[in-house]
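Input: a single structure, listed below in structure tokens.
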Amino acid sequence: MKKIGILIENQFDEQELIYPYHRLRENFEVILIGSKADTEYTSKSGLKFRSDIASSDVNPKEIGGLIIPGGFSPDYMRRCDATIALVKKLNEQNTLIGAICHGPWVLASAIDLKDLDITSFYSIKDDLINAGANWIDKEVVRSQNIITARTPKDLPKFMLKFLSAINFV
């Protein structure tokens, strides 16, 4: 069984990490991928979660899907060369990638968003447009192997779309 990865860094949004984490654990092995292995990361409100593996140690061939939660953590995620390289490689192999809220910031740093339909929290709209994306203000948007959503309130539809797609990608 392939693993589903969830990226983690400090200042992650609790809902955007925990909701997908537990939903995915119903049917998949889920690993938390940080810039460092076995490291404690703190959410926006002080909740702590520990990474399972460093992004530099992940074998992309073992990953069947990836979730990029928001909060302020994507700004830290995109500062890690190994995390950017992992997201780029996963995209190249057409792995399903989900990003919510500020998560698409990582996509803008890792892959070519030209002509992809993307949504996000509205404050990073300009960043995504400048990266070439067609920004759409909609709960959930799928473009090729990329699924994006705007805010935590979109999580139920985001996860339904991700879980449906993971069975066919």
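Summary table
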read-out	value
Residue within segment 52-62 that is under 12 Å from LEU7 (Cβ atoms), open to solvent by 80 Å² or more (accessible area, probe 1.4 Å), charged (D, E, K, R) and part of a loop (DSSP other than H, G, I, E, B) present	yes
Answer from GLY46, GLY5, GLY98 - the residue that is in a loop (DSSP other than H, G, I, E, B), at pLDDT 95 or above and either open to solvent by less than 50 Å² (accessible area, probe 1.4 Å) or aromatic (Phe, Trp, Tyr) (or both)	GLY46
Filter result (of a type in the set (Gly, Ala, Ser), in contact (Cβ under 8 Å) with a residue 40 or more places away in the chain and out of contact with any Leu (no Cβ under 9 Å at 6 or more places or on another chain)) within segment 73-96	ALA82
Given (1) surrounded by fewer than 17 Cβ atoms within 10 Å (Cβ to Cβ); (2) within 12 Å of PRO69 (Cβ to Cβ), number of the condition GLU29 does not satisfy	(2)
Options LEU90, LEU155, LEU128; residue that is modelled with pLDDT of 95 or more, open to solvent by less than 10 Å² (accessible area, probe 1.4 Å), over 21 Å from LEU24 (Cβ atoms) and part of a helix (DSSP H, G or I)	LEU128
Criterion violated by ARG79 - all others in (1) open to solvent by 80 Å² or more (accessible area, probe 1.4 Å); (2) outside any loop (DSSP other than H, G, I, E, B) satisfied	(2)
Which listed residue, of VAL58, VAL141, VAL106, is more than 21 Å from PHE158 (Cα to Cα) and either in contact with a helix residue (DSSP H, G or I) (Cβ under 9 Å, 6 or more places away or on another chain) or of a type outside the set (Asp, Glu) (or both)	VAL58
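The values are calculated or read from the model by the stated rules, or taken from the named source; none is laboratory data. This one's a predicted model, so the numbers in the text were calculated from it and none came from an experiment. Counting neighbours? That spans all protein chains shown, and the Cβs are built from the backbone with ideal geometry, glycine included. The protein model used for the area step is the full one, side chains on, heavy atoms only, and it has no ligands, DNA or RNA in it. Shrake-Rupley method; radii C 1.70, N 1.55, O 1.52, S 1.80 Å.
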